[in-house]
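First the structure, in the form of structure tokens, and then the observations on it.
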Amino acid sequence: MSFVYRLLGAAALVFLLPWLLFHPKLRGRFFERLGFYGGRLAQVRGGVWFHAASAGDVRAIRPLVERFSAANGGRVVVATQTTSGFAMAARELGALAVVIRTPFDALGAPGRAMRAARPRLVVLEYLELWPGLVLAAKALGARVAVVNARVSDKSLRVRGLLAWVARRVDLVLARTQDDAASAQQLGFSDVRVVGNTKHDLVEAAPQADIDAFCVRHRVSRAKPVVVFGSTHSDEDAVFADAAADLAPHVTVVWVPRYPNKAGRIRALVPSSTILIDTVGELRAAYGAATVAVVGGTFGARGGQNPLEPVVAGCAVVHGGNLKNFSAEAEALGDAIAEAGPSDVARVVQALLDDPARRKSQSEIARRRIKTLQGASGRAFDALTALIAAPPKPLARILVVRLSALGDIILSGPAIALLRQTYPDAVLHLLVDPPYAAIARSIPGVSRVATSRADLRGPYDLVIDFQNKLRSRALCAFAATWNAPRIVLAKWEVAGLLNRIRRRPIVIDQRRLYADALSPWVDPTSLPLLRLTITDTDRTRAREALAANGISPTRLAIVFGTPSKPTKRYPHMAAVISAIAANGFNPVVVGASADATFGHSSTLLGLPLGVVAALCERASVVVGVDTGPLHIARAVGAPSVALFGPTSPARWFPESALSLALSCSPCSDHGGPHCPLGHHDCMNRLPVDAIVARVKEKARA
């Protein structure tokens with residue numbers, strides 16, 4: 001299911017890209033939306049990631065952001081979906097957290113974001129259940145929780161499509177018992193009722209803000225002020241009629257939920273009506289009100305928060321649809337007045353005519369609000385306990401690195417870290433058949449598999465070090481439904497630029513593998529690169545030498561034929577002769593198709609385990625390809641690497657011999673042809689320098 005979602009998500013993102021780029025609510029910070037944050041998230045690694053789609057969600061998570069920022073030394077990320085949400089988060093939470101735009105839920109953006117931040121906990125506000133984000137977080141061992149959870153009827157209708165994501169969420173903190181019951185229907189396992197954190201934030205606007213609002217919008221308080229707050233388009237006719245009836249006697253202030261709709265409303269109302277077409281004005285407007293009418297309650301919306309006008313101290317009127325705020329409506333009871341669509345003006349006028357009733361209802365409502373508060377503390381305690389809970393023990397682990405030789409060997413230290421961290425786990429390594437023998441030499445591997453039929457799943461943790469279509473399919477087959485899957489990151493933008501410039505990427509591959517496993521292991525203490533040679537392979541190596549009349553002393557193992565034409569060294573026969581003249585016993589080792597370079601001591605077609613045993617016996621190993629040289633390094637044999645197009649800085653800086661040419665190195669591993677057509681980087685390597693390096697590196 002996750003593969004299908006990623007595929008459909010990528011297609012949808014490409015199709016919707018123009019809309020996403022220019023939509024006023026979503027545009028801006030495009031590279032952040034793709035998951036590239038330029039190192040901004042390094043400072044908050046190991047912290048808490050909050051996802052808040054809009055400005056209202058940002059306000060709801062503020063109490064939790066404040067608490068976690070204080071508890072974690074500021075290691076908090078707030079990711080927002082909309083431009084208004086980002087602006088509010090930057091303004092109100094910028095000093096407490098790193099504020100970013102939420103990555104698109106496709107094209108690998110969630111994985112890039114999660115790898116950059118490495119959070120211990122991802123908190124989703126309301127029920128913003130983005131599958132890509134959830135999967136990326138779980139792959140890195142993060143816990144995932146939902147706060148202020150509210151399940152809509154629409155979500156319940158498609159619960160079959162959401163269940164596979166819901167099962168990956170560790171904790172759901174619901175607002176009400178009804179929300180909790182609906183969440184359990186969706187497939188969430190651990191659901192608790194703690195209330196709504198927004199209730200802990202409701203507070204009246206400062207008097208200075210109220211006064212500034214009245215001056216800015218020319219709100220006269222000589223007459224009673226009636227505020228229509230957070231209204232929706234399907235209520236325009238209701239409020240237009242009420243405004244017309246009230247206008248001669250009161251000051252009407254209309255604050256639409258979406259300020260860009262104010263122009264359309266203007267044509268419906270008397271000229272004396274004050275329309276607010278800017279964001280962030282509602283709290284001050286309620287502070288100026290004598291009576292507030294809560295929008296969203298006369299149409300299909302299901303209400304807006306009635307607590308905001310209550311704390312402002314005004315009398316409150318609402319319509320008959322408060323289904324999204326049923327807990328608040330139940331707590332407030334008759335302390336707020338209800339009106340039908342046709343009698344809004346009448347109910348408002350009745351309150352305006354009875355100051356004692358207005359005062360009584362306001363005082364009662366404010367007292368009742370306190371019964372709804374405290375959710376932030378309860379949620380913080382539950383989330384803190386979730387972080388501290390010990391992880392589920394891993395019984396079965398699968399590592400997939402199908403090819404090639406060097407990459408499989410270089411995954412060894414990361415596998416050793418897994419074995420150190422989970423000593424009792426069964427650890428399987430899946431490789432292509434030609435590499436099975438060398439894979440069995442990697443310490444910590446319980447069993448080597450060479451096909452899907454060899455897998456003994458399901459596995460609790462699946463690690464894809466290959467990151468290709470075939471490896472991903474194998475991982476999906478092997479994992480349990482909720483097993484974390486770690487996928488090794490590709491080079492992405494930096495790698496692409498390096499390839500365009502024909503310059504190599506300098507990176508420690510062993511460190512790359514180990515870092516990918518964080519936080520499942522501690523990658524700071526990386527084990528040495530080692531292969532375990534079996535007694536059987538050592539015996540076969542001795543027998544191969546004896547059968548060919550080769551002395552086992554002063555062995556110089558030569559891997560001379562490369563995997564790519566640009567790495568071929570044309571003077572290898574001369575090197576072999578010169579090595580022999582200096583007291584070494586050169587042996588050419590390779591596949592059956594390898595050339596012998598005219599040398600009589602040649603061992604072809606040996607299993608890789610036997611090759612490793614030969615390297616273990618050698619005084620020195622000489623090669624032009626990285627794979628065999630990784631074997632030499634892993635068994636402790638000194639080596640001399642003859643590199644032209646291959647990057648010595650990345651692979652064997654301590655033993656590589658190369659020429660300082662402006663065009664070299666031109667790649668990580670060498671290509672099918674020389675970009676300039678002359679092959680000088682290999683042709684001009686001097687034989688004498690190679691022999692001198694062999695004598696320098698060889699052990700006694």
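The values are calculated or read from the model by the stated rules, or taken from the named source; none is laboratory data. This is a predicted model, so every value here is computed, not measured. Cβ: placed from backbone, ideal geometry, glycine included. Neighbour counts: every protein chain shown. Quick note on the areas: whole protein, heavy atoms, side chains included, nothing else; ligands and nucleic acids left out. Shrake-Rupley method; radii C 1.70, N 1.55, O 1.52, S 1.80 Å.
What to note about this one:
- The mean sequence distance of close C-alpha pairs (under 8 Å, at least 6 residues apart), as a share of the length of the chain, puts its relative contact order at 8 percent.
- Rounded Å value of the spacing that divides the Cα centres of the stretch 251-322 and the stretch 420-458: 64 Å
- 5 Å binning of all Cα-Cα separations within the stretch 120-240, expressed as whole percents from 0 upward: 2, 10, 15, 15, 12, 10, 9, 9, 9, 6, 3, 1, 0
- Modelled label reach - Val426, point 7 Å along Cα→Cβ, the stretch 381-403 residues with backbone N closer than 13 Å: 395-398
- Cα principal axis extents for the stretch 191-331, largest first, Å: 50, 34, 25
- Cα-based helix-to-principal-axis angle, 535-547 vs the chain, degrees rounded to 10: 30 degrees
- Per-peptide packing, taken as the mean over residues of other Cβ atoms within 10 Å, places 199-206, 605-612 in the sequence 605-612, 199-206 from highest down.
- Once the Cα-Cα distance is subtracted from the 0.36 nm per residue extended length, the Thr553 to Ala581 segment shows a gain of 8.6 nm.
- Under 19 Å from a label point set 7 Å out along the Cα-to-Cβ vector of Glu92, the amide N atoms of the stretch 272-298 belong to 277-288, 295.
- Oblate is the label for the stretch 301-342, because the ratio a/c of its alpha-carbon gyration tensor axes (a ≥ b ≥ c) is 1.5 or higher and a/b is not greater than b/c.
- Aspartates and glutamates with Cα under 18 Å of Lys223, excluding same-chain neighbours fewer than 8 positions away: Asp211, Asp245, Asp353, Asp354
- Surrounding net charge for Pro103, when Lys and Arg each add one and Asp and Glu each subtract one, Cβ distance under 12 Å: +3
- Nearest-10 value in Å² for the accessible area of Thr83, using the 1.4 Å probe: 40 Å²
- At full extension, Ala692 and Ser563 could sit 43.9 nm farther apart than now, given 0.36 nm per residue minus the alpha carbon distance.
- A protection proxy built from the mean count of other Cβ atoms within 10 Å ranks the segments 226-232, 543-549, most packed first, as 226-232, 543-549.
- Calculated diffusion of the chain, Stokes-Einstein form, Kirkwood radius summed over Cα pairs, 10 °C and 1.306 mPa s, µm²/s: 53 µm²/s
- Check: the chain dipole with +1 on Lys, Arg Cβ and -1 on Asp, Glu Cβ, in debye: 1520 debye
- Estimated from helical segments only, the mean residue ellipticity of the chain at 222 nm is -11500 deg cm²/dmol, where each DSSP H run of four or more residues counts as -39500 (n - 2.57).
- Amide N proximity, the stretch 389-415 versus Ala473 label position 7 Å along Cα-to-Cβ, cut-off under 17 Å: 400-403
- Accessible area (Å², per residue) of the chain, counting only protein heavy atoms and a probe of 1.4 Å: 42 Å²
- Distance between modelled label sites at Trp164 and Asp353, nm, 7 Å Cα→Cβ extension: 6.2 nm
- Computed FRET value (nearest 0.05) for Ile364 with Gln177, which takes r as the C-beta separation and R₀ as 30 Å: 0.80
- The stretch 609-674 and the stretch 563-588 have their alpha-carbon centroids 13 Å apart.
- Protein accessible area in the chain, 1.4 Å probe - carbon and sulfur %: 55 percent
- Per-residue 3J(HN,Hα) values for the stretch 282-294, derived from phi via the Karplus relation 6.51 cos²θ - 1.76 cosθ + 1.60 with θ = phi - 60°, read 5, 4, 5, 4, 4, x, 8, 7, 8, 9, 10, 10, 7 Hz in sequence order (x marks Gly and Pro).
- Linear extension gain, Thr450 paired with Arg218, 0.36 nm per residue minus alpha-carbon span: 75.8 nm
- The stretch 340-492: C-alpha pair distances exceeding 18 Å, %: 69 percent
- With Cα atoms, 0 to 90° folded angle of helix 236-246 axis to the chain main axis: 30 degrees
- Eigenvalues of the alpha-carbon gyration tensor of the stretch 181-237, scaled by 5 and square-rooted, set the equivalent ellipsoid semi-axes at 39, 18, 8 angstrom, largest first.
- Acute angle (nearest 10 degrees) that the helix 687-697 long axis makes with the longest principal axis of the chain, alpha-carbon atoms: 80 degrees
- Couplings 3J(HN,Hα) for the stretch 28-38, derived from phi with the Karplus relation 6.51 cos²θ - 1.76 cosθ + 1.60 (θ = phi - 60°), are x, 6, 5, 5, 5, 5, 8, x, 9, 10, x Hz, where x marks Gly and Pro.
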